[in-house]
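The values are calculated or read from the model by the stated rules, or taken from the named source; none is laboratory data. Small disclaimer: the values here were computed from a predicted structure and weren't measured. All Cβ positions, even for glycine, are placed from backbone atoms using ideal geometry, and neighbour counts span all protein chains on display.
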Amino acid sequence: MTNLFRQARAAAWALSLLRAIAMLKLNSHPAGRHFLQIPGPTNVPDGVLRAIDYPTIDHRGPEFAVLGKKVLAEIRQVFQTRQPVVIYPSSGTGAWEAALANALSPGDVVLMYETGHFASLWKKMAENLGLKPEFIAGDWRSGVDAAQIEARLAQDKARAIKAVCVVHNETSTGVTSDIPAVRCAIDNAKHPALLLVDTISSLASIDYRHDEWGVDVTVAGSQKGLMLPPGLGFNAVSEKAVAAAKDSKFPRSYWRWDDIIEANKGGYWHYTPSTNLLYGLSAALDQLLAEGLLNVFARHRRHGDATRAAVRAWGLEILCRNPAEYSDSLTAVMMPEGSDADALRALILEKFNMSLGTGLSKVKGKVFRIGHLGDFNDLTLLGTLAGVEMGLALAKVPHRVGGVQAAMGVLAACAAGRAAELARAA
Ligand SMILES: Cc1ncc(COP(=O)(O)O)c(C=O)c1O
């Protein structure tokens with residue numbers, strides 16, 4: 001063996017060792033469960049993880065049709081719709097694109113509202129696709145102002161605006177918008193624009209009614225309230241949206257609703273679907289529907305209330321300005337002047353094995369986000385808040401103690417059936 005060959009073999013061996021060490025590091029966690037308290041992806045329940053682990057089956061065989069029909073029927077209950085829900089093997093961003101590309105045509109004007117980072121990304125996508133978004137400016141601390149939407153639509157005598165696109169729960173700020181008010185704004189202006197709503201961080205956590213609220217396309221993803229890993233995107237579509245898709249001039253194939261809706265009639269997809277994620281979806285739907293949607297929403301409300309009580313007790317500020325718009329799936333907490341949110345998050349990860357959400361774009365370093373959605377209970381919330389409170393002290397962030405105590409007060413009162421009394425006092 002030449003020297004050169006020996007050296008090359010040693011280098012290859014060293015490289016593979018380094019790779020193995022890197023992989024081991026990635027998979028190694030300290031004892032106990034990691035607290036994944038970012039506002040999605042959320043913790044995946046054990047039952048869902050086990051369901052995903054079933055052997056993959058023939059996606060054109062009879063067993064698959066049973067699975068397909070089950071999930072397609074049950075997912076409608078979560079969107080509170082009788083209309084089709086299209087499921088893609090995609091992230092939420094794919095489902096955004098599907099909504100725009102099916103319902104609209106290049107050059108269409110769309111009215112969008114700057115609630116935060118995700119609304120801004122959706123607007124950028126609209127531009128990339130050749131749409132003409134008009135962006136109503138927001139302050140990243142408030143929800144959609146329906147009056148501004150109504151005023152703009154009323155001016156649009158030529159009916160150039162083809163859709164209004166809003167984010168129900170802005171994940172970057174922890175602000176929820178009033179979708180029925182947006183519907184009323186469109187109706188009051190007697191405007192034919194479609195209503196497209198992003199529910200990526202609200203579906204199956206915060207009450208949302210696709211049919212009753214007159215939404216044309218609802219966009220969602222698997223990795224938040226549905227308690228699945230990332231990888232499924234959803235579009236719930238109204239008859240009006242399906243009719244609009246027939247006239248769409250966007251070149252599209254993979255995202256076409258009509259081909260998928262047709263194949264779904266038999267419980268199938270016309271391409272290879274994410275079989276194992278659909279097993280997981282089936283298990284997640286069993287869990288959500290057994291708990292009951294109203295109970296799921298009440299649980300998220302309770303955890304939102306308890307988290308906000310903790311933040312107030314710490315003497316910190318909640319990013320969302322208006323209590324009527326507080327998000328029940330996450331809370332964005334503002335850092336006092338001179339303290340860095342990402343340094344706090346890094347310390348909490350290192351010392352307590354908990355991931356919190358980072359501040360995105362405009363609010364980077366200024367806020368951290370506590371995710372309280374998905375597979376989550378009172379004691380998981382208390383563990384989360386204890387990690388934050390200990391982190392605040394370790395990082396020497398100016399604050400008062402007593403946040404966990406305050407949250408315990410809310411949770412104990414709810415457990416004792418005093419939720420209504422508390423709500424009146426809040
Ligand atoms: C409100 C909202 N919209 C869109 C997205 C983008 O979804 P994805 O990252 O799954 O593509 C996210 C992701 O967190 C989100 O929270």
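Test of understanding: among Y254, Y268, which residue is out of contact with any helix residue (DSSP H, G or I) (no Cβ under 8 Å at 6 or more places or on another chain) and of a type in the set (F, W, Y)? Walk me through how you get there before you give the answer.
Values: Y268 fails: out of contact with any helix residue (DSSP H, G or I) (no Cβ under 8 Å at 6 or more places or on another chain).
On inspection, the qualifying residue turns out to be Y254.
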> Residues of the stretch 210-252 being under 14 Å from K162 (Cα atoms) and of a type in the set (D, E), which ones?
Replying inline: D216, D247
> So which residues in the stretch 231-251 are within 16 Å of the ligand (Cβ to nearest atom), of a type in the set (A, V, I, L, M) and in a strand (DSSP E or B)?
Replying inline: A236
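Do you know which of the residues in the stretch 330-344 that are in a loop (DSSP other than H, G, I, E, B) and touching a residue at least 40 places away in the same chain (Cβ under 8 Å) is nearest to G359 (Cα to Cα)?
If we filter the stretch 330-344 for residues that are in a loop (DSSP other than H, G, I, E, B), which is where we start, we get 335-340.
Next, from what is left, pick out any that are touching a residue at least 40 places away in the same chain (Cβ under 8 Å): 335-336, 339.
Values: M335: 10, P336: 14, S339: 13 Å.
Looking at residues that are in a loop (DSSP other than H, G, I, E, B) and touching a residue at least 40 places away in the same chain (Cβ under 8 Å), I get M335.
Counting only residues that are hydrophobic (A, V, I, L, M, F, W, C) and either surrounded by fewer than 18 Cβ atoms within 10 Å (Cβ to Cβ) or part of a loop (DSSP other than H, G, I, E, B) (or both), how many does the stretch 258-284 have? Break it down stepwise before answering.
Restricting attention to the stretch 258-284, the residues satisfying the condition of being hydrophobic (A, V, I, L, M, F, W, C) are 260-261, 263, 269, 277-278, 281, 283-284.
This time we only want the ones that are either surrounded by fewer than 18 Cβ atoms within 10 Å (Cβ to Cβ) or part of a loop (DSSP other than H, G, I, E, B) (or both), so: 261, 263, 269.
Of the residues in the stretch 258-284, 3 are hydrophobic (A, V, I, L, M, F, W, C) and either surrounded by fewer than 18 Cβ atoms within 10 Å (Cβ to Cβ) or part of a loop (DSSP other than H, G, I, E, B) (or both).
Name the residue, out of W213, W255, that is in a loop (DSSP other than H, G, I, E, B) and over 27 Å from D328 (Cα atoms). Steps first, please.
Details: W213 fails: over 27 Å from D328 (Cα atoms).
After applying the criteria, what remains is W255.
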>> Taking the criterion of being among the hydroxyl-bearing types (S, T, Y), closer than 30 Å to E317 by Cα, more than 12 Å from the ligand (Cβ to nearest atom) and modelled with pLDDT of 95 or more, would at least one residue in the stretch 175-195 satisfy it?
In response: no
>> So, H59, is that one within 16 Å of the ligand (Cβ to nearest atom) and at pLDDT 95 or above or not?
In response: no
> Are any of the residues in the stretch 219-227 within 20 Å of the chain's Cα centre (by Cα) and under 24 Å from I149 (Cα atoms)?
Replying inline: yes
> Out of the stretch 81-100, which residues are of a type outside the set (S, T, Y) and away from the ligand (no atom under 15 Å from the Cβ)?
Replying inline: R82, Q83, P84, V85, V86
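Among the residues of the stretch 155-164, is there at least one that is within 15 Å of the ligand (Cβ to nearest atom) and crowded, with 24+ Cβ neighbours inside 10 Å?
Within the stretch 155-164, the first condition is being within 15 Å of the ligand (Cβ to nearest atom), and the residues that meet it are none.
No, the stretch 155-164 has no match at all.
Restricting attention to the stretch 184-206, which residues are part of a loop (DSSP other than H, G, I, E, B) and within 16 Å of W122 (Cα to Cα)?
T199, I200, S201
Can you say whether A73 is under 22 Å from the mean Cα position of the chain (by Cα) and within 16 Å of the ligand (Cβ to nearest atom), as far as the supplied structure shows? Give the derivation first.
Working: under 22 Å from the mean Cα position of the chain (by Cα): yes; within 16 Å of the ligand (Cβ to nearest atom): no.
No: the conditions fail for A73.
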> Can you pull out the residues in the stretch 53-67 that are touching a helix residue (DSSP H, G or I) at 6+ places or on another chain (Cβ under 9 Å) and surrounded by 12 or more Cβ atoms within 10 Å (Cβ to Cβ)?
Replying inline: Y54, I57, H59, F64, L67
